[in-house]
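Have a look at the structure below, then the notes.
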Amino acid sequence: MKKYLQLSALCLIVLAAGIFSSCKDDESGSSSPLLGMSVQLAAADSTVSTRINIDHANRLVTVSLSQEARDLSHVLCTFDLVNGASLYTPSVTNPVEMDLSDVTGVNILTGDNIVCYKIVAEVDSPIKEVKASYGGVEAVTSLDKKSRLINVYFGSDPVDFTQVQVEFVISAISSMVDPTSTNLTMDLSADTTYVKVQNDLVGTATYKMICWNDPSDNNLAIKRSADVEVTDNGGGSYTLNTTGTAPTVSTSMFPVSAGSVVSFSYKATKAIGRPRLSLDVNNKKLQMLGYEMNQADDWTEYAVDLGGVYFDMGSELAPGYPLTLSLGSESGVTIEIKDIQVREKNYEEQMFADNAYYFKFEDGKTGNNLKVNDVTTDEQFLTYKFTPSGTSDPYVSAKSREKAVTINDNQIYFEYKSESPFELQLFWQAVADSWSGRAGYMLPVSDVWVAVHMDWTDQVKSIFTTNPTAGDAGAPFRFDLEDLKDHSGGMIANVPIYVRNLRIGQKSYE
């Protein structure tokens, strides 16, 4: 009885402390009494494969899972023990139902002693961690276990990408295939390098590995192209000759911390419409249609703020991305482009954005055949859903202006997504019987955000000439959606149009 009480007290102390290391053994028991273990998951997890690894040196049992399990709170565990050994806790029976949703353990009575094993259940990642360095400089590495993307970033330090020292930390049920070593010097100078690992649960797992550092002189280099003949003129300048109907170029990678404004200068022999700016061609959250690129004989500044794209992705953003530009749909167009950057807003740009008047709407307000809902999730990105209930002159009024709008506030900026093409029309309340300005062209259907800039200098001048008090504070704008049509060209209703950052102000960098 005395020995039993001593063993019980010891077990309770070990479990309460969360320590599952080996207790001291003597010759009367085995130092490694656990020969094996098997598990039977709940019925909800019938598609989950498992693999057990026992590390006797560290008294650790790892239950590797092929995927996330729905219920680990009721797992039937069977322990294979040496002759004479028995489960002490959590139960004297074997098998025993255990909760593996958190770190737990098992205590095995062997001779006069107890050996304690920690049990951890986790989804197995063939590669658990990656370390990289060059010349003593440690890279910042990240591993996306879901997409199997390994990102290696050296900042502004000069690096010979053909001589990067890499160390892979792999799981206990994995082995390297290509390369064959977990610690080696690798050539990571290619745009992407592929690493293969054999895993007992998933078979061969292939990882995409990208290694990069900050752009030289803050300018991005054009690295890849399709349907485009690229001539590098040096100094961050390129000549692009489109050779097909889907011309695109992709740049070197840039760090997310570099900012959100995409800017460059260009000349073009033809207008190419709205370029699609993409950080990931497979993820629409990371894409946006920019302002139109027109025919230009002289160098023309171009800039688009991708802040909303960054906001939409939030914590899912990777440390760095390349920028892919679609350049219209025609061959035979010559475009000169230089100084491609992703940067922070400069002082002037920030002032124009801060001083613009941002339209605000009352949540749930219904106007004429048009209802507005406030779907803003961050005050920096005022976002509204407009739902037309009919096609006859749909409009709704914004909240009364908090400040005056002047004749110099004649540039309209916003972003939208819509399943219906539409034309935007705005009224000043003081002259509600005559429209103040309209787009002059249809805005097409888009399932990614579209950046829109409308120069209404002439319309605003006409309004203020007729009515000098048109922009006074206290009166609301009226927001009209015209010419709503479905894909066949007929009129349509009940199709939402999302608009964010709707503002009027002076001409900005955009």
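Considering the convex hull of the alpha carbon atoms of the stretch 66-182, report its projected area averaged over all viewing directions, in nm², one decimal. The partial results should precede the final answer.
Working: hull surface 44.3 nm².
Average of the hull's projected areas for the stretch 66-182 equals 11.1 nm².
Of all accessible surface on the chain at a 1.4 Å probe, what whole percent is carbon and sulfur?
Numbers: 11240 of 24260 Å².
Whole-percent figure for carbon plus sulfur exposure: 46.
Under 10 Å from the Cβ of residue 154, count the other residues' Cβ atoms, weight Lys and Arg +1, Asp and Glu -1, and hand me the total. All intermediate terms of the calculation are to be shown ahead of the outcome.
Working: positive: none; negative: 138, 157, 214.
Around residue 154, the surrounding residues sum to -3.
Checking the cross-link filter: which lysines have an alpha carbon closer than 19 Å to that of residue 345, excluding same-chain neighbours under 8 positions apart?
507
Run through the DSSP bridge list for the stretch 146-227 and note the antiparallel percent, rounded to the nearest 5. Can you show the working numbers first?
Values: 15 of 20 bridges.
Roughly 75 percent of the DSSP beta bridges within the stretch 146-227 come out antiparallel.
From the convex hull of the Cα coordinates of the stretch 120-269, what is the mean projected area in square nanometres? The partial results should precede the final answer.
Numbers: hull surface 47.6 nm².
That works out to 11.9 nm².
At a Förster distance of 41 Å, what's the computed FRET efficiency of residue 455 paired with residue 40, Cβ-Cβ distance as r, to 0.05? The partial results should precede the final answer.
Values: r = 69 Å, r/R0 = 1.69.
Once the sixth-power term is evaluated, E becomes 0.05.
Evaluate the Kirkwood expression for the hydrodynamic radius of the stretch 43-118, namely the inverse of the mean inverse distance over all pairs of different C-alpha atoms, and round to one decimal in Å. Provide the component values of the computation, followed by the final result.
Values: mean 1/r = 0.0742 Å⁻¹.
For the stretch 43-118, the Kirkwood estimate is 13.5 Å.
Beyond 14 Å, how much of the Cα-Cα pair distribution for the stretch 190-230 remains, as a whole percent?
Details: 548 of 820 pairs.
For the stretch 190-230, the share of Cα pairs beyond 14 Å comes to 67 percent.
Alpha carbons only, please: Rg and Dmax for the stretch 132-207, in angstrom.
12.8, 40
Rounded to the nearest 5, what is the percent of antiparallel bridges among the DSSP beta bridges in the chain? Please report the intermediate quantities before stating the final value.
On the way: 134 of 147 bridges.
Just about 90 percent of them are antiparallel.
Taking a quarter of the surface of the Cα convex hull of the stretch 275-340, what do you get in nm²? Show your work: numbers first, answer last.
Values: hull surface 21.3 nm².
Orientation-averaged projected area of the Cα hull: 5.3 nm².
Run down the lysines and flag those whose C-alpha is under 29 Å from the C-alpha of residue 146, throwing out any fewer than 8 positions away in its chain.
Within the straight-line limit of under 29 Å, residue 146 reaches these lysines: 118, 128, 131, 196, 208, 223, 284, 285, 417.
Suppose each label sits 7 Å from its Cα in the direction of the beta carbon; what would the residue 389-residue 358 distance come out to in nanometres?
2.9
If one computes the Cα centroid of the stretch 257-320 and of the stretch 359-395, what distance in Å separates the two points?
About 27 Å separates the Cα centre of the stretch 257-320 from the one of the stretch 359-395.
Once all Cα-Cα distances of the chain are split into 10 Å bins that start at 0, what whole-number percent is in each one?
3, 15, 18, 17, 15, 12, 10, 6, 3, 1, 0
The values are calculated or read from the model by the stated rules, or taken from the named source; none is laboratory data. Just so it is clear, the model here is predicted, and its values are computed rather than measured. Neighbour counts run over all protein chains shown; Cβ positions are idealised from the backbone, glycine included. Only protein heavy atoms, including side chains, enter the accessible area calculation; ligands, DNA and RNA are left aside. Shrake-Rupley method; radii C 1.70, N 1.55, O 1.52, S 1.80 Å.
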